[in-house]
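A.B. asks: Below you'll find the structure I mean.
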Amino acid sequence: MGSDSDLPIMQEAIDILESFDIQIEVDIVSAHSCLPMIAVLPETTQQVSDVLRVCYEEGVPVVPRGSGTSLAGGAMPTADCVILGVAKLNNVLETDYDNRLIRVQSGRTNLSVSGAVEEDGFFYAPDPSSQLACAIAGNIGMNSGGAHCLKYGVTTNNLMGVTMVMMDGEIVEIGGSHLDSAGLDLLGVICGSEGQLGVVTEATLRILSKPVGARPVLIAFDKNEVAGACVADIIKAGVLPVAMEFMDRLCIETSENFANAGYPNAEALLIVEVEGSELEIQEQLTKIISIAEKHNHGKASGTYQTVSLRLTDKPRVGSSLLALYALSGWQLGAKQAQEPTRL
Ligand SMILES: Cc1cc2nc3c(=O)[nH]c(=O)nc-3n(C[C@H](O)[C@H](O)[C@H](O)COP(=O)(O)OP(=O)(O)OC[C@H]3O[C@@H](n4cnc5c(N)ncnc54)[C@H](O)[C@@H]3O)c2cc1C
């Protein structure tokens, strides 16, 4: 592409790259890191369109990039490509509590979407563990979800509309602030398309009322299969926990060696989180514990243990952090004389 671009944004990017030793790579797939030909960080949908139009006309490959946390290598540059990062497109454009939606620019991080509405009692449900860093753009590219997808679904279930720039520079609006569009489900095709259909610059997202409280329980089992059967029976009983996470012995021991949190010595653990009012929490936990007891052959004591946490309005956390959350609750209970519930 040379260093004499007609587009101010391209020229700006070239100047920046020439003056600094900047490396753009996929953070996680570092074994295959490679410098792109150029990286651009547009600030408007129109600038995205300008870049894509030029690249389309010149036959230059473009790799859209959110925060570069995807583990599948989708945002990995090649030496002949333009990396088009949306990090500077990070504003909240609209919040509409009556219709329970928020419209954001796609470079906004997942967690900061909830951050924008939490004081008003709302949150954005999809919660990949990388939510502190990953962008809504990448969430849409990968159709990401997290620990709470059991109850709330993944990105596709919470995405209402996008502004997207096609690879030839055309700007299109798909979906919007209404519940469902007539015709083909184009939004469903875009969500999970790994940046291959265009560059999403804005997204309309469903937001939900924050639950009154949430509480995880930790249940230990003698066998992985028994833990699995317990999960099936909890669902069969019509209880819908907000999250259920499974750990086998290797995972338990590895976590224990790292965090030293006092996990029980067990073959398998389930971390089951329920939410609602105190009454709803108690009701769900009673059912879950009674199902778990049956799977532990009535050996209520010693075969499994549960940890009760206080009602909390802590920020919601993603899957791998959920384990740590439960662990910190386990320690918290001991330290603050809030006894872990042992049944
Ligand atoms: C520690 C860790 C934990 C993780 N936990 C989870 C988890 O719990 N659940 C989960 O689903 N994933 C998880 N991931 C994977 C990753 O974080 C998610 O896939 C996330 O959605 C990627 O977002 P990103 O902004 O980093 O996207 P990127 O990595 O930048 O891009 C991802 C894909 O989307 C495309 N893309 C980026 N921007 C756009 C755009 N503007 N328009 C169109 N396409 C675009 C890219 O080309 C690429 O194909 C985890 C990753 C890490 C490192």
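A.B. asks: Show the residue pairs meeting these rules: Cβ distance below 7 Å; 6+ apart or different chains; first residue within region 53-69 and assigned by TED's automatic domain parsing to the domain that holds SER106 and farther than 19 Å from ALA79 by Cβ; second residue away from the ligand (no atom under 11 Å from the Cβ) and part of a loop (DSSP other than H, G, I, E, B).
C.D. replies: Going by the 7 Å Cβ cut-off, the qualifying pairs are ARG53/ASP168; ARG53/GLY169; TYR56/ASP168; TYR56/GLY169.
A.B. asks: Continuing with the same structure: Identify all residues within region 86-122 that are within 16 Å of the ligand (Cβ to nearest atom) and assigned to a strand (DSSP E or B); write none if there are none.
C.D. replies: Hits for region 86-122 are LEU93, ARG103, VAL104, GLN105, THR109.
A.B. asks: While we're here: Is it true that some residue in region 137-154 is more than 7 Å from the ligand (Cβ to nearest atom), closer than 26 Å to LEU41 by Cβ and not in a loop (DSSP other than H, G, I, E, B)?
C.D. replies: no
Residue by residue, here is whether (1) touching a strand residue (DSSP E or B) at 6+ places or on another chain (Cβ under 9 Å); (2) within 26 Å of ASP120 (Cβ to Cβ); (3) free of Cβ contacts under 8 Å to residues at least 40 places away in the same chain; (4) buried (at least 17 other Cβ atoms within 10 Å of the Cβ) holds:
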{"position": "GLU202", "(1), (2), (3), (4)": "yes, yes, no, yes"}
{"position": "GLY213", "(1), (2), (3), (4)": "yes, yes, no, yes"}
{"position": "ALA220", "(1), (2), (3), (4)": "yes, no, no, yes"}
{"position": "LYS236", "(1), (2), (3), (4)": "no, no, yes, no"}
{"position": "ASP248", "(1), (2), (3), (4)": "yes, no, yes, no"}
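A.B. asks: A further question follows. So GLU12 ticks every box in (1) within 13 Å of the ligand (Cβ to nearest atom); (2) at pLDDT below 95 but one. Which box is left unticked?
C.D. replies: For GLU12, the failing item is (1).
A.B. asks: Here are some conditions: (1) at pLDDT below 95; (2) closer than 17 Å to LEU93 by Cβ. GLY183 meets all but one. Which one does it not meet?
C.D. replies: Failed condition: (2).
A.B. asks: Could you tell me which of the residues GLY192, GLY169 is over 17 Å from the mean Cα position of the chain (by Cα) and assigned by TED's automatic domain parsing to the domain that holds GLU43?
C.D. replies: GLY169
A.B. asks: Take the residues in region 178-196 that are surrounded by fewer than 16 Cβ atoms within 10 Å (Cβ to Cβ) and more than 14 Å from LEU159 (Cβ to Cβ); name whichever of them is nearest to the ligand (Cβ to nearest atom).
C.D. replies: GLN196
A.B. asks: Next question, about the same structure. With within 18 Å of LEU197 (Cβ to Cβ), within 17 Å of the chain's Cα centre (by Cα), of a type outside the set (Phe, Trp, Tyr) and at pLDDT 95 or above as the only criterion, which of ARG65, ARG53, ARG108 stands out?
C.D. replies: One residue alone meets the criteria, ARG65.
A.B. asks: Taking region 30-62 on its own, how many of its residues are assigned to a loop (DSSP other than H, G, I, E, B) and in contact with a Gly (Cβ under 9 Å, 6 or more places away or on another chain)?
C.D. replies: Within region 30-62, residues that are assigned to a loop (DSSP other than H, G, I, E, B) and in contact with a Gly (Cβ under 9 Å, 6 or more places away or on another chain) number 2.
A.B. asks: Only one of LEU111, LEU132, LEU93, LEU84 is of a type outside the set (Val, Ile, Thr) and either farther than 27 Å from LYS210 by Cβ or surrounded by 24 or more Cβ atoms within 10 Å (Cβ to Cβ) (or both). Can you tell me which?
C.D. replies: Of the residues listed, the single one that is of a type outside the set (Val, Ile, Thr) and either farther than 27 Å from LYS210 by Cβ or surrounded by 24 or more Cβ atoms within 10 Å (Cβ to Cβ) (or both) is LEU84.
The values are calculated or read from the model by the stated rules, or taken from the named source; none is laboratory data. Just so we're clear, the structure is a prediction, and the values are computed from it rather than from any experiment. Cβ coordinates were reconstructed from backbone atoms using ideal geometry, including for glycine residues, and neighbour counts include every protein chain displayed.
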